[in-house]
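Working notes, beginning with the structure itself.
Just so it is clear, none of the values below were taken in a lab; they were calculated from the coordinates. Predicted, not measured: the structure shown is a model, and the values here were computed from it. Heads up, the Cβs are rebuilt from the backbone with ideal geometry, glycines too, and the neighbour counts pull from every protein chain shown.
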Amino acid sequence: MASPKTSLFTAEEVKLANLAKALSHPARISILRFLSEKKSCVCGTIVDAIPLSQATVSQHLRELRDAGLIQGEIDGPRVCYCIHAEGLEAAFRQLSEFTNSCRGGENCDCP
């Protein structure tokens, strides 16, 4: 299997790509929206709210947690999740800085 070529890119580029990956699935957007509406930690009800299997929801939760967008706390045999406000704010800043840096092409004279 080929090795990832992430070492060819800056840490900032890799971090932004990981953030984009975390936001790239509609189920993850749905989970973020669900958690933001609850405004508190949620345990088992995420699976009831998302039309996917427990295992699939768990995979999506792991991606969001790894990206720093949500946080989880173990409560007995289950994990309770909520929005990680600082992580989400950092993600917004990172995306904003990236989009602002790309605006240099607004005056492109390509046909």
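Beyond 23 Å, how much of the Cα-Cα pair distribution for the chain remains, as a whole percent? So the pairs more than 23 Å apart make up 40 percent of the total in the chain. Computed from Cα positions, the angle between helix 26-38 and the longest principal axis of the chain comes to roughly 60 degrees. Using a ≥ b ≥ c from the Cα gyration tensor of the stretch 4-64 (square roots of the eigenvalues), is it rounded, prolate or oblate, where a/c under 1.5 gives rounded and otherwise the larger of a/b and b/c decides, a/b for prolate? Prolate shape, in that a/c is at least 1.5 and a/b is the bigger ratio. Between Cys82 and Leu95, the modelled labels are 2.2 nm apart [label points 7 Å from Cα along Cα→Cβ].
For the chain, the mean residue ellipticity at 222 nm estimated from helices alone is -17000 deg cm²/dmol, where every DSSP H run of n ≥ 4 contributes -39500 (n - 2.57) and the total is divided by all residues, rounded to the nearest 500. Just Arg78, Arg28, Arg62 to compare: in a GNM of the chain, with alpha carbon springs under 10 Å, which one fluctuates most? Of Arg78, Arg28, Arg62, the most mobile in the Gaussian network model is Arg78.
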